[in-house]
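Structure first, commentary second.
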Amino acid sequence: MIRGRAPALPLALVERLRAARTVAALTGAGVSAESGVPTFRDAQTGLWATFDPTQLATPSAFARNPKFVWDWYAWRRELLAGARPNPGHHALAAIARHVPQFRLITQNVDGLHQAAGSAGIVELHGNIGRVRCSRGCGTVARWADASPDEPPRCATCGAFLRPDVVWFEEMLPPAALAAAEDAVRHCDVLLVIGTAAEVYPAAALPHAARQCGATVVEINPRPTALSDDVHHVLRGPAGVVLPALVAATWPPPK
């Protein structure tokens, strides 16, 4: 259960959101943390507690020891097995039903937005539920459909399959980044939720939105590097603030 009280919602924000034709949202680890998903570094416990995740999530680590990295991601998937979407995830899915155009951009890889009913998601960092060919032949599959080998081999070219996520030493997928940049440059309102907005190029998205005339809103329990550069700051967990924002903007009929 997510605890907390929603902050006062500025009337100007409610009116702006209600009138918006195009809304975009950028979500980070804070949204998933409210579902019990440990952050990337907090997940290091038990057998893996002595390993630096920044040394495991790299192409070079996979090249040196594919099975070791594969096992680590299998363990991470087990941590996610019991996670369920929280009210913040569901509120974002609800916003999509109220505005003519909505684009959800996420830095999370856990698939909880999809589980809550959101569609057309821009996944900047990929999805841990998928695998792809490590040689780059283009083969992509669901993790569950991969062969029982550890790690499995690509059915097309025979190379090892790897998690379909962005690793250190890698660039963001060009198509996903282009879609995110297009969404923030053409939105009326951008909601920045549960992210510290410190890692580029994703951290540049809120600034691009503001430069293009969007109203930028930060939803986060704590101040971030972005806090002084947005139009509205709503302090609190996404699972509390977002449902309150939806209810205030599109109140249910009496």
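The values are calculated or read from the model by the stated rules, or taken from the named source; none is laboratory data. If you're wondering where the values come from, they're calculated on a predicted model, not measured in any experiment. Note that each Cβ is placed from the backbone with ideal geometry, even for glycine, and that neighbours are counted across all protein chains shown.
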What is the residue count in the range 221-241 for residues that are touching a Lys or Arg at 6+ places or on another chain (Cβ under 8 Å) and small (Gly, Ala, Ser)? 1
For the range 217-239, name all the residues that are surrounded by fewer than 16 Cβ atoms within 10 Å (Cβ to Cβ) and hydrophobic (A, V, I, L, M, F, W, C). ALA225
Note: among LEU190, LEU242, just one is assigned to a strand (DSSP E or B), among the hydrophobic types (A, V, I, L, M, F, W, C), crowded, with 18+ Cβ neighbours inside 10 Å and on the phi < 0 side of the Ramachandran plot, namely LEU190
Go through ALA93, ALA115 for me and flag whichever is among the aliphatic types (A, V, I, L, M), touching a Ser or Thr at 6+ places or on another chain (Cβ under 6 Å) and assigned by TED's automatic domain parsing to the domain that holds ALA183. ALA93
Considering only residues that are part of a loop (DSSP other than H, G, I, E, B) and under 28 Å from the mean Cα position of the chain (by Cα), which ones fall in the range 152-174? PRO152, CYS154, VAL166, TRP167, PHE168, GLU169, GLU170, MET171, LEU172, PRO173
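Is it fair to say ALA180 is closer than 28 Å to PRO59 by Cβ and without any contact (Cβ under 8 Å) to a residue 40 or more places away in the chain?
no
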Give me the pairs: first residue in the range 113-124 and over 22 Å from LEU205 (Cα atoms), second residue of a type in the set (Lys, Arg) and loosely packed, with under 15 Cβ neighbours inside 10 Å, beta-carbon distance under 8 Å, and six or more apart or on different chains, which are they? ALA115/ARG84
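Among the helices (runs of 4 or more DSSP H) contained in the range 50-137, which hold 3 or more residues that are of a type in the set (Gly, Ala, Ser)? Can you show your working first?
Details: elements: 53-56, 59-64, 66-80, 87-98, 112-115.
Hits in the range 50-137: 59-64, 87-98.
Quick check, is ARG84 surrounded by fewer than 17 Cβ atoms within 10 Å (Cβ to Cβ) and under 16 Å from VAL31 (Cα atoms)?
yes
Being modelled with pLDDT under 95 and in the same structural domain as ILE105 (by TED's automatic domain parsing) narrows it down to one of ALA203, ALA208, so name that one.
Values: ALA208 fails: modelled with pLDDT under 95.
Selected residue: ALA203, the only one of ALA203, ALA208 that is modelled with pLDDT under 95 and in the same structural domain as ILE105 (by TED's automatic domain parsing).
Within the range 84-116, which residues are small (Gly, Ala, Ser) and over 16 Å from VAL246 (Cα atoms)? Spell out the reasoning first.
Filtering the range 84-116 for residues small (Gly, Ala, Ser) gives 88, 91, 93-94, 96, 111, 115-116.
Answer for the range 84-116, where residues must be small (Gly, Ala, Ser) and over 16 Å from VAL246 (Cα atoms): GLY111, ALA115.
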Do we find that GLY88 is without any contact (Cβ under 8 Å) to a residue 60 or more places away in the chain and not hydrophobic (A, V, I, L, M, F, W, C) in this structure? no
Do we find a residue being under 30 Å from LEU161 (Cα atoms), among the aliphatic types (A, V, I, L, M) and modelled with pLDDT under 85 anywhere in the range 28-43? yes
